[in-house]
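**Q** This is the structure I want to talk about, given as structure tokens.
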Amino acid sequence: MVAGAVIGATIADMHSQRREVVEGGRTVYTEPDRIIIRDPGGQAYVRGNDLYRFRYGARDIRTDTVGGETRTVVVRPDGSEVITVVAADGSLLRRIRRDPRGREIVIIDNSYRDPRAVGVGGFYVALAPPVVRIPYNRYIVDSEEATPEVLYETMMAPPVERIERRYSLDEIRYSPTVRQRMPSIDVNTINFATGSWEIPPDQAAKLQAIADGLNRAIQENPRAVFLIEGHTDAVGNDVDNLSLSDRRAESAATLLTQQFNVPAENLTSQGYGEQYLKEQIDGPSVINRRVTIRNITPLLNGGQAALPPPPPGTAPPR
């Protein structure tokens, strides 16, 4: 089983550890390593803490809090560092990679929001669904059927429609029609058991082609960011399914780093519960218990598929 922040790998293990409170009309469910929030309008979303993914193989970890922001520096054996800055509410603000010579690359800048964004924590962006002009099997790619080259090409594919502006990571996470601007890969080589986020060892090896494509894409663009999306079937309640799907996404991201050396800072994860069923049935479905991967770099940088690293010594936003 992939190592995680919580012992156990079934959603039933979470029930005794979950706390529920009502704050300002919102219902907040707190688990040891994530929270689920239901807005007064009934919309629910999950926010996890992925910092533990960066502890694997770390030489040192330093954390300090200044002015309400918490800054965690993970030092790796080669002397490089990954710097994560989170707000007082635990939301990610920035993620930066610093090489052993002190040069810094901003991987994620999540410190701004568009005042027009509404709903789902104030990050929902309402766009019309994109017009997809490429073959459907190249827009949503089944990993089991795709060649390694097709997987890599999908990871590097441009948006299917023009990106009008840069989006924050949270806007991308919580706005489906923003995410839909980018092709995706359904990782259907992993079959999760009902209620579980464990990736069995015999299935972990099936991620080799995905990992190879990710590593190749990140080598091509060190600032690339890939979103790992977790999904469930329609069994169970929405709170359980949001937590479960988020853990499935994080399990896949953790495994890709620990077993295949995909840089943790170039991956981010988010669970969507049962919101996006691939097979429209209410009961158990292996097809719906899945993770999906998409390159969100063009969404983060406003449509440019790749940006060169800043000149040495350039200070990133703080």
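The values are calculated or read from the model by the stated rules, or taken from the named source; none is laboratory data. In this text, all values refer to a predicted model and were calculated from it rather than measured experimentally. With ideal geometry, Cβ positions are generated from the backbone for all residues, glycine too; neighbour counts draw on all protein chains shown. The area values use the complete protein model at the heavy-atom level, side chains included, leaving out ligands, DNA and RNA. Shrake-Rupley method; radii C 1.70, N 1.55, O 1.52, S 1.80 Å.
**Q** I need every pair where a residue in region 19-48 that is within 19 Å of E250 (Cα to Cα) and in contact (Cβ under 8 Å) with a residue 24 or more places away in the chain has its Cβ under 7 Å from the Cβ of a residue that is open to solvent by less than 30 Å² (accessible area, probe 1.4 Å) and basic (K, R), sequence separation at least 6 or different chains.
**A** So the pair list comes out as V46/R34; R47/R34; G48/R34.
Residues are listed down the side, and each one gets a yes or a no for (1) hydrophobic (A, V, I, L, M, F, W, C); (2) within 21 Å of the chain's Cα centre (by Cα):
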residue: Q43; (1), (2): no, yes
residue: G48; (1), (2): no, yes
residue: Y52; (1), (2): no, yes
residue: V66; (1), (2): yes, no
residue: T70; (1), (2): no, yes
residue: I96; (1), (2): yes, yes
residue: F123; (1), (2): yes, yes
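**Q** Among (1) modelled with pLDDT of 90 or more; (2) closer than 25 Å to Y167 by Cβ, which single condition is G302 missing?
**A** All conditions pass for G302, except number (1).
**Q** Please go through region 21-69 and give me each residue that is open to solvent by 70 Å² or more (accessible area, probe 1.4 Å), of a type outside the set (A, V, I, L, M, F, W, C) and under 25 Å from D238 (Cα atoms), ordered by number.
**A** Across region 21-69, the qualifying residues are E23, G24, R26, P32, P40, G41, Q43, N49.
**Q** Sticking with this one: Going by the structure shown, is E145 free of Cβ contacts under 8 Å to residues at least 60 places away in the same chain, more than 21 Å from the chain's Cα centre (by Cα) and assigned to a loop (DSSP other than H, G, I, E, B)? It would help to see each step written out before you state the result.
**A** On the way: free of Cβ contacts under 8 Å to residues at least 60 places away in the same chain: yes; more than 21 Å from the chain's Cα centre (by Cα): yes; assigned to a loop (DSSP other than H, G, I, E, B): yes.
Answer is yes for this residue.
**Q** Would you check which residues across region 197-208 are over 20 Å from E265 (Cα atoms) and open to solvent by 10 Å² or more (accessible area, probe 1.4 Å) and list them?
**A** W197, E198, P200, P201, D202, Q203, A205, K206
**Q** Right, next: Give me the pairs: first residue in region 79-98 and under 16 Å from R173 (Cα atoms), second residue open to solvent by 30 Å² or more (accessible area, probe 1.4 Å) and of a type in the set (S, T, Y), beta-carbon distance under 7 Å, and six or more apart or on different chains, which are they?
**A** Close Cβ pairs (under 7 Å, with a partner that is open to solvent by 30 Å² or more (accessible area, probe 1.4 Å) and of a type in the set (S, T, Y)) amount to L93/S111; R94/S111.
**Q** Right, another one. So, in region 243-291, exactly how many residues are open to solvent by 40 Å² or more (accessible area, probe 1.4 Å), in contact with a Phe, Trp or Tyr (Cβ under 7 Å, 6 or more places away or on another chain) and without any contact (Cβ under 8 Å) to a residue 60 or more places away in the chain?
**A** The qualifying residues number 0.
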